[in-house]
1. Scan the stretch 105-130 residue by residue and report those that are within 16 Å of residue 40 (Cα to Cα) and buried (at least 18 other Cβ atoms within 10 Å of the Cβ).
2. For the stretch 21-40, check the following and say yes or no: at least one residue is surrounded by 14 or more Cβ atoms within 10 Å (Cβ to Cβ), in a strand (DSSP E or B) and in contact (Cβ under 8 Å) with a residue 24 or more places away in the chain.
3. Inside the stretch 65-97, can you point out the residues that are outside any helix (DSSP H, G or I), in contact with a helix residue (DSSP H, G or I) (Cβ under 9 Å, 6 or more places away or on another chain) and either buried (at least 16 other Cβ atoms within 10 Å of the Cβ) or at pLDDT 90 or above (or both)?
4. Looking only at the stretch 158-187, count how many residues are modelled with pLDDT of 75 or more and not in a strand (DSSP E or B).
5. When the stretch 116-135 is examined, which residues are found to be under 24 Å from the mean Cα position of the chain (by Cα) and modelled with pLDDT under 85?
């Protein structure tokens with residue numbers, strides 16, 4: 001049935017949002033199958049259509065072939081589409097088949113016929129053309145809906161595509177993943193060693209600045225310029241409690257100091273090393289106990305699973 005002008009306007013006014021994961025999947029599909037050729041790839045789009053917003057959240061590739069000389073001759077495995085769609089429904093029932101994509105980069109003459117095939121699964125299939133060779137800073141997607149064009153002269157209606165705006169929009173989980181990936185990206189122009197040294201230098205400068213502020217504050221408190229704040233002093237005490245204990249030298253170090261066998265400054269140096277070693281061992285013991293408990297819980301779950309499977 002021909003679409004009225006109001007229906008066509010409603011389709012044009014819909015906003016299409018495409019998740020970055022979909023673009024990544026389309027580019028991977030293209031690179032794996034037809035990279036270096038003039039062919040295009042075709043796939044299915046999954047997501048939600050609320051009537052005013054169409055959100056594309058997932059996709060999968062579909063076997064597709066077309067004649068290079070005759071574009072009207074093409075093959076799309078609809079059985080594969082149905083089987084994959086059923087499996088995706090089991091994983092996430094919210095993601096429904098809402099349209100299809102191809103890598104164009106422009107519309108082709110057979111697109112309307114392919115679009116009619118997807119009407120088996122959704123009333124108004126969305127077509128998204130993804131430009132995998134984008135050379136400018138623009139949105140790499142073009143979204144279309146198929147409508148029946150009513151001519152003014154009253155002649156036979158013709159099917160055509162109407163363009164609708166599309167944007168790239170990530171969910172919160174995707175944004176967090178991208179942020180973590182960007183943290184791991186290193187500047188190739190800067191050496192690894194120099195980068196680490198620079199970061200350590202900045203960290204030491206920041207530590208020195210904070211210690212200077214603490215020292216200046218304590219000096220003002222001692223001189224009576226500032227009142228005593230027990231909350232700040234308690235936090236400082238907690239911080240000093242984390243430091244290695246240097247006030248209790250070992251018996252061996254005491255004996256060497258009394259007999260005069262130790263070198264000048266050797267006692268202080270050895271005690272500093274021993275204190276840091278004890279502190280490190282305490283922290284490693286905590287990590288070891290945590291790993292041990294985690295392993296015991298994993299074995300417990302495995303045994304319970306075996307017992308349930310056996311019964």
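1. Correct list: 111, 114, 115, 127, 128, 129, 130.
2. Initially, the stretch 21-40 is screened for residues surrounded by 14 or more Cβ atoms within 10 Å (Cβ to Cβ), giving 21-23, 25-27, 29-30, 33-34, 39-40.
The next check asks that each one be in a strand (DSSP E or B); those that pass are none.
No: the stretch 21-40 contains no residue that is surrounded by 14 or more Cβ atoms within 10 Å (Cβ to Cβ), in a strand (DSSP E or B) and in contact (Cβ under 8 Å) with a residue 24 or more places away in the chain.
3. 74, 76, 95, 96, 97
4. The initial filter retains those residues of the stretch 158-187 that are modelled with pLDDT of 75 or more, namely 158-177, 179-180.
Cutting the leftovers down to not in a strand (DSSP E or B) gives us 165, 169-177, 179-180.
The total comes to 12.
5. 134
The values are calculated or read from the model by the stated rules, or taken from the named source; none is laboratory data. Everything quoted here is computed from the prediction, not taken from an experiment. All Cβ positions, glycine included, derive from the backbone under ideal geometry; neighbour counts span all protein chains shown.
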